[in-house]
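The values are calculated or read from the model by the stated rules, or taken from the named source; none is laboratory data. All figures in this text were calculated on a predicted structure; none of them were measured in a lab. For neighbour counting, all protein chains shown are included, and Cβ atoms are generated from backbone atoms with ideal geometry for every residue, glycine included. Note: areas computed on protein heavy atoms with side chains; ligands, DNA, RNA excluded. Shrake-Rupley method; radii C 1.70, N 1.55, O 1.52, S 1.80 Å.
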Amino acid sequence: MKPFAYVHGTTIDEVTGALDAACRPLAGGTELLRLIKGGLAAPERVVDLKTIPGLAGIERRADGWRLGALVTLARLASEGQVGHELPVLAQAAGAAASPQLRNRATLGGNLVQRPRCWYFRDPLVHCWLKGGERCLAADGHNERHALASTGPCHIVHPSDPAHALVALDASVLVAGPRGERTIPMADFLHMPRQEAWSETALALDELIVDVAIPLPAGSARGAYVKAAERAVWDFALVSAAAQVTFQGPVVAAARLVLGGVAPVPWRASDAEEALVGRSLDDAAIVRAAGAATVGLHPLSRNAYKLDLVRGVVAEALRRLR
Ligand SMILES: Cc1cc2nc3c(=O)[nH]c(=O)nc-3n(C[C@H](O)[C@H](O)[C@H](O)COP(=O)(O)OP(=O)(O)OC[C@H]3O[C@@H](n4cnc5c(N)ncnc54)[C@H](O)[C@@H]3O)c2cc1C
Ligand code: SF4
């Protein structure tokens with residue numbers, strides 16, 4: 001591992017003024033240190049964000065929720081009011097990684113984590129995303145890869161919370177030397193770009209300050225269901241984040257976001273349309289679960305994910321009844 005200097009951050013302005021390819025922000029460190037050890041990042045300095053005051057708040061304001069970049073996944077999963085009003089997010093945070101990791105892992109760091117593709121993470125492999133000529137997963141071990149990517153890279157986004165945040169129509173507040181900007185969550189995560197430093201809309205000198213979520217309607221319900229090989233300490237094979245608003249027993253609006261199927265959270269729009277105007281009876285759920293696979297095309301070794309998609313969507317919708 002290449003040695004690096006460690007410094008305490010003091011203010012957002014000071015840190016963003018210093019950030020570049022050689023100076024990277026450190027939050028919980030559960031991802032950045034692995035990237036450094038694996039040769040996927042090589043900063044000369046890391047700046048600890050945890051010493052900057054005011055980045056770890058959870059606030060419910062009149063215009064919506066504000067979740068600080070340094071809020072841990074453990075807090076998101078356990079804060080009563082978050083679980084009550086934003087259950088899809090609390091469940092997604094609680095389904096991520098392991099209890100030890102969730103105590104350390106922050107929301108901001110979670111959104112900036114890099115792909116888990118085993119070829120990408122192997123320091124000896126130089127695949128397309130790292131600047132090589134081709135994607136080794138395309139005709140290799142693509143069991144955990146995408147169903148909805150046109151290539152050349154077939155990663156899936158590893159974050160559980162990101163999918164819940166798209167379902168909740170969240171935005172990311174970002175600060176940098178050029179000021180602040182707000183990026184809708186659906187635009188924050190980017191399709192893979194060759195030799196990019198991240199799969200996000202962040203510039204190298206920008207920080208996530210917090211995540212804003214509009215207040216859900218009183219009749220809204222949410223659920224997150226994740227299928228993985230292990231119940232803890234594992235990334236989703238497939239997941240479904242459902243946020244549904246009701247008018248009486250009838251679905252008035254639905255946002256259904258699939259994980260494990262695309263490089264970015266994937267809106268299952270045919271399934272959403274199939275739900276609107278219907279009550280969540282068994283027939284409507286079966287129809288929506290079937291519609292959720294529209295637009296998904298397996299690679300050579302991951303057709304099993306289509307059944308998982310139908311299963312997690314049906315389970316998420318059943319939990320809303
Ligand atoms: C074994 C294992 C299993 C896991 N399983 C899951 C899982 O099932 N689901 C899931 O969602 N995640 C999973 N993760 C990922 C884990 O949730 C992330 O590693 C963690 O959330 C990253 O947060 P952190 O605070 O540790 O980030 P760090 O490691 O500190 O930083 C990660 C990246 O984000 C950047 N960064 C950090 N904070 C900011 C900020 N405020 N603004 C801009 N950039 C920032 C850093 O520079 C770095 O590039 C797993 C990780 C491990 C190691
Ligand atoms: S899926 Fe992307 S990261 Fe994985 S081998 Fe292919 S190009 Fe590399």
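For the reader, a short list of remarks on this structure follows.
- Residues of segment 71-88 satisfying the condition of being buried (at least 20 other Cβ atoms within 10 Å of the Cβ) and part of a loop (DSSP other than H, G, I, E, B): VAL71, LEU86
- Of all the residues in segment 129-149, those that are open to solvent by 40 Å² or more (accessible area, probe 1.4 Å) and touching a Lys or Arg at 6+ places or on another chain (Cβ under 9 Å) number 3.
- Output for segment 164-195, where each listed residue is of a type in the set (Asp, Glu) and over 24 Å from ALA241 (Cα atoms): GLU180, GLU195
- Of the residues making up segment 277-298, those that are closer than 14 Å to HIS145 by Cα and open to solvent by 40 Å² or more (accessible area, probe 1.4 Å) number 2.
- Yes/no for ARG121 being open to solvent by 40 Å² or more (accessible area, probe 1.4 Å), of a type outside the set (A, V, I, L, M), touching a helix residue (DSSP H, G or I) at 6+ places or on another chain (Cβ under 8 Å) and within 16 Å of ligand 2 (Cβ to nearest atom): no
- Out of ALA186, ALA203, ALA217, ALA212, sole residue that is more than 10 Å from ligand 2 (Cβ to nearest atom), among the small types (Gly, Ala, Ser) and at pLDDT below 95: ALA186
- Each residue in segment 124-145 was checked for being in contact (Cβ under 8 Å) with a residue 24 or more places away in the chain and more than 8 Å from ligand 2 (Cβ to nearest atom), and 5 pass.
- Matching entry among ARG255, ARG287, ARG230 (being charged (D, E, K, R) and part of a loop (DSSP other than H, G, I, E, B)): ARG230
- The one condition in (1) without any contact (Cβ under 8 Å) to a residue 12 or more places away in the chain; (2) open to solvent by less than 50 Å² (accessible area, probe 1.4 Å); (3) over 23 Å from ASN302 (Cβ atoms) that GLY248 fails to fulfil: (2)
- Matching entry among GLN91, GLN100, GLN81 (being within 24 Å of ALA254 (Cβ to Cβ) and either small (Gly, Ala, Ser) or within 16 Å of ligand 1 (Cβ to nearest atom) (or both)): GLN91
- If you go through segment 152-202 and keep only what is surrounded by fewer than 21 Cβ atoms within 10 Å (Cβ to Cβ), acidic (Asp, Glu) and within 14 Å of ligand 1 (Cβ to nearest atom), you end up with just GLU180.
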